[in-house]
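Visitor: Okay, here's the structure, questions in a sec.
The values are calculated or read from the model by the stated rules, or taken from the named source; none is laboratory data. Keep in mind it's a predicted model, so treat the numbers as computed, not measured. FYI the Cβ positions are ideal-geometry reconstructions off the backbone, even for glycines, and counts take in every protein chain you see.
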Amino acid sequence: MGGLGNSEQSHGSSWPVSSAAAILSIQTDSTARSIAHPIHLHGHDFWVLAQESGPWDGTTDSFKTINPPRRDTAILPAQGYLAIALRLDNPGTWILHCHIAWHASQGLSLEFVERKESISIQSREMKIFQDMCESWDEWSRNATYPQDGSGI
Ligand SMILES: [Cu+2]
């Protein structure tokens with residue numbers, strides 16, 4: 001979409017979400033502290049379908065389906081909900097998390113495997129992963145400050 005910014009991608013009047021898509025609705029617990037959370041998704045951009053205060057009613061009535069904003073981070077309103085849609089077009093293991101690091105460490109994160117059948121890891125790549133983990137373990141044993149969070 002030449003000439004359009006991230007927030008201006010046009011899909012005309014058609015619904016941009018195909019059958020190969022997931023729609024996630026994230027709702028804050030009504031007993032939770034009243035703060036907003038910047039929710040970030042790895043591996044994808046997503047469409048922001050709804051971003052509202054209050055509880056989600058379980059319907060799509062509040063969803064903006066015509067030219068919704070496209071982001072990789074969006075605010076989950078305090079005491080509210082965020083509904084997003086994403087195309088399942090990038091096989092891998094991805095994480096959706098609050099971008100406030102200690103919130104992610106406290107559990108406001110979700111990891112998922114997308115299209116597992118399309119993922120193939122060769123032995124050379126496994127060796128790269130193993131070497132990286134071994135390097136991390138060695139470095140972190142002697143780190144001045146121990147990692148106390150998720151590392152996101
Ligand atoms: Cu947060």
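Visitor: Which condition number in (1) among the β-branched types (Val, Ile, Thr); (2) away from the ligand (no atom under 16 Å from the Cβ); (3) touching a strand residue (DSSP E or B) at 6+ places or on another chain (Cβ under 7 Å); (4) farther than 23 Å from Ser150 by Cα is the one that Val113 fails?
Guide: Going through (1) among the β-branched types (Val, Ile, Thr); (2) away from the ligand (no atom under 16 Å from the Cβ); (3) touching a strand residue (DSSP E or B) at 6+ places or on another chain (Cβ under 7 Å); (4) farther than 23 Å from Ser150 by Cα one by one, Val113 breaks only (4).
Visitor: Against the condition part of a strand (DSSP E or B), at pLDDT 90 or above, within 16 Å of the ligand (Cβ to nearest atom) and not β-branched (Val, Ile, Thr), how does His103 come out, does it pass?
Guide: Criteria not met by His103.
Visitor: Here is a list of conditions, (1) more than 29 Å from Ala21 (Cβ to Cβ); (2) in a loop (DSSP other than H, G, I, E, B), and Lys64 meets all of them except one; can you say which number that is?
Guide: Answer for Lys64: the failing condition is (1).
Visitor: Is it the case that Ser118 is within 16 Å of the ligand (Cβ to nearest atom) and either modelled with pLDDT of 90 or more or out of contact with any helix residue (DSSP H, G or I) (no Cβ under 7 Å at 6 or more places or on another chain) (or both)?
Guide: no
Visitor: When you look at Leu76, is it in contact with a Ser or Thr (Cβ under 9 Å, 6 or more places away or on another chain), of a type outside the set (S, T, N, Q) and closer than 16 Å to Ala22 by Cβ, yes or no?
Guide: For Leu76, the condition - in contact with a Ser or Thr (Cβ under 9 Å, 6 or more places away or on another chain), of a type outside the set (S, T, N, Q) and closer than 16 Å to Ala22 by Cβ - is not met.
Visitor: I would also like to ask the following. Please enumerate the residues belonging to region 36-72 that are touching a His at 6+ places or on another chain (Cβ under 9 Å) and loosely packed, with under 13 Cβ neighbours inside 10 Å.
Guide: Ile66
Visitor: Would you please name the residue that is farthest from the chain's Cα centre (by Cα), looking only at residues in region 73-100 that are part of a loop (DSSP other than H, G, I, E, B) and away from the ligand (no atom under 12 Å from the Cβ)?
Guide: For region 73-100, the residue satisfying everything is Gln79.
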